[in-house]
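Just below is one structure, and these are the notes that go with it.
The values are calculated or read from the model by the stated rules, or taken from the named source; none is laboratory data. Note that the structure is predicted; figures quoted are calculated from it, not measured. Positions of Cβ are generated from backbone atoms using ideal geometry, with glycine treated the same way; all protein chains shown enter the neighbour counts. Surface areas here come from the heavy atoms of the whole protein model, side chains and all, with no ligands, DNA or RNA. Shrake-Rupley method; radii C 1.70, N 1.55, O 1.52, S 1.80 Å.
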Amino acid sequence: MSTKTKSMTRRGLLGAMGLAVVALPLTRFLAWAKQPAKQVGKGWATGGTAAMTGASAYPNPFTSQVGAACKLTCEQVVGPCYGSTKVRKDISEGHAGLPVRLAFRILDETCKPVPGASVDIWHAGPEGVYSGDDQHPLCNPHDEKARAAHWFRGVQTTNDEGRVDFNTCFPGWYKSRTVHIHFTIRIAGTESVTSQLYFEDSLNDDILSTQALYNTRGVRDTRNSTDKTAAPDKQGDFVLQARKMSDGALLAWKTFIVRSSTGIPLCDASSEHVKALMKSGVNPADPNTFPSEMLSPEN
């Protein structure tokens with residue numbers, strides 16, 4: 001690793017990579033207990049996926065045609081917080097939060113559905129912390145409860161229409177990152193694309209400022225426009241479409257276009273910040289390559 005990279009501060013490197021995670025006081029984790037499902041502020045539901053009382057009637061968001069040309073979904077960094085997962089539709093493990101139905105459609109370059117594709121997703125909980133004990137502790141610092149859990153991680157296989165659904169809760173923010181969801185799509189066991197998804201900032205502002213578990217954490221330090229993970233001119237390609245359902249849950253959806261052959265070069269949507277770090281020897285998927293000062297607790 002270069003001298004220049006080693007001299008970077010932990011705060012600066014994390015900010016550039018968009019991978020910072022901050023420890024939260026224990027009192028904020030007491031809110032993890034499952035809350036009664038009910039309607040709150042501006043019609044949003046709370047209490048986790050149990051509040052999705054109208055799920056059977058949610059509309060199909062994929063009724064429109066994609067168009068004559070299907071543009072490949074581009075790559076962004078996997079990040080250091082990927083870990084073991086479970087095959088399941090509901091990935092919340094009873095965690096409280098604003099309920100979300102994520103609907104994804106996988107198509108190939110000819111706009112045809114890809115059945116049997118594996119869609120693996122993971123994201124932080126409402127408190128901005130990842131679960132799992134098989135990634136670096138920076139993903140859930142000083143929190144044994146989070147390390148013992150597997151919430152907000154799951155994998156599903158696409159049906160004949162190329163679709164998968166997940167029931168989850170709206171992700172929380174953490175230092176130097178906008179609200180986001182990670183995903184990896186595999187075909188016949190081979191990775192096709194790994195990238196990240198975002199919500200419109202207006203939606204983030206509404207939920208983070210008004211809803212329980214989200215509105216007690218202060219103002220987030222990063223918006224979509226200041227996040228340094230995706231290239232600014234490509235970030236819009238990863239913004240989820242979304243609509244509030246009658247039961248107060250959020251329906252969010254996205255169509256992904258994947259390679260029918262892994263021999264096709266993958267387009268890259270990473271920012272220049274991330275590319276520069278990778279050239280310097282930092283592997284965003286391997287914390288062992290991070291400068292030692294980055295991995296030390298920050299006061």
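With an 8 Å Cα cut-off and a minimum separation of 6 or more residues, compute the relative contact order for the stretch 226-289 in percent.
Reported relative contact order: 36 percent.
Determine the order of Arg88, Arg243, Arg177 by accessible area, beginning with the largest, at a probe radius of 1.4 Å.
I get Arg243, Arg88, Arg177, largest accessible area first.
Local charge sum around Val239 (other residues, Cβ-Cβ under 12 Å, Lys/Arg +1, Asp/Glu -1)?
-2
At 1.4 Å probe size, with every protein chain present, just tell me what the per residue accessible area of the stretch 222-266 comes to in Å².
It amounts to 46 Å² per residue over the stretch 222-266.
Ignoring everything but the protein chains, give the 1.4 Å probe accessible area of Thr210 in square angstrom, nearest 10.
Near enough 50 Å² of accessible area.
Label point 7 Å out from Thr157 along Cα-to-Cβ: which residues of the stretch 114-142 have amide N under 17 Å?
114-121
For each pair in Lys175/Lys279; Lys234/Lys279; Lys89/Lys279; Lys71/Lys275, compute the distance between the two Cα atoms and list the pairs where it is over 29 Å.
Lys89/Lys279
How far apart, in nm, are two points set 7 Å out from the Cα along the Cα-to-Cβ line at Ser202 and at Glu144?
4.6 nm
Starting from the Cα-Cα distance between Thr262 and Ala69, subtract it from 0.36 nm times their residue separation and give me the gain in nm to one decimal.
67.5 nm
Compute, for Lys145, the solvent-accessible surface of its heavy atoms (probe 1.4 Å) with the complete set of protein chains present, and express it in square angstrom to the nearest 10.
For Lys145, solvent-accessible area is about 120 Å².
For a Förster distance of 30 Å, can you work out the FRET efficiency between the beta-carbons of Glu272 and Val219, rounded to the nearest 0.05?
Once rounded, the FRET efficiency stands at 0.65.
Can you pull the accessible area of His150 for me, 1.4 Å probe, Å² to the nearest 10?
Answer for His150: close to 50 Å² accessible.
Between Asn60 and Ser209, how many nm apart are label points set 7 Å from Cα along the C-beta direction?
Calculated label separation equals 3.8 nm.
Averaging sequence separations of C-alpha pairs under 8 Å and six or more residues apart, then dividing by the length of the stretch 174-299, give the relative contact order as a whole percent.
Relative CO of the stretch 174-299 lands at 22 percent.
Let me check against my output: what whole-number percent is the relative contact order of the stretch 42-178, with C-alpha pairs under 8 Å and at least 6 apart?
34 percent
Stokes-Einstein D for the stretch 81-169 at 37 °C, 0.692 mPa s, Kirkwood Rh over Cα pairs, in µm²/s?
The calculation lands on 238 µm²/s.
Could you go through the stretch 77-93 in sequence order and give the Karplus-derived ³J(HN,Hα) for each residue, using 6.51 cos²θ - 1.76 cosθ + 1.60 with θ = phi - 60°, rounded to whole Hz, and x for Gly and Pro?
Per-residue couplings from phi come out as 5, 6, x, x, 9, 6, x, 4, 9, 9, 7, 5, 8, 8, 9, 7, 6 Hz.
Considering only protein heavy atoms, with the full assembly of protein chains and a 1.4 angstrom probe, order Arg147, Arg220 by accessible area, largest first.
Order by accessible area, largest first: Arg147, Arg220.
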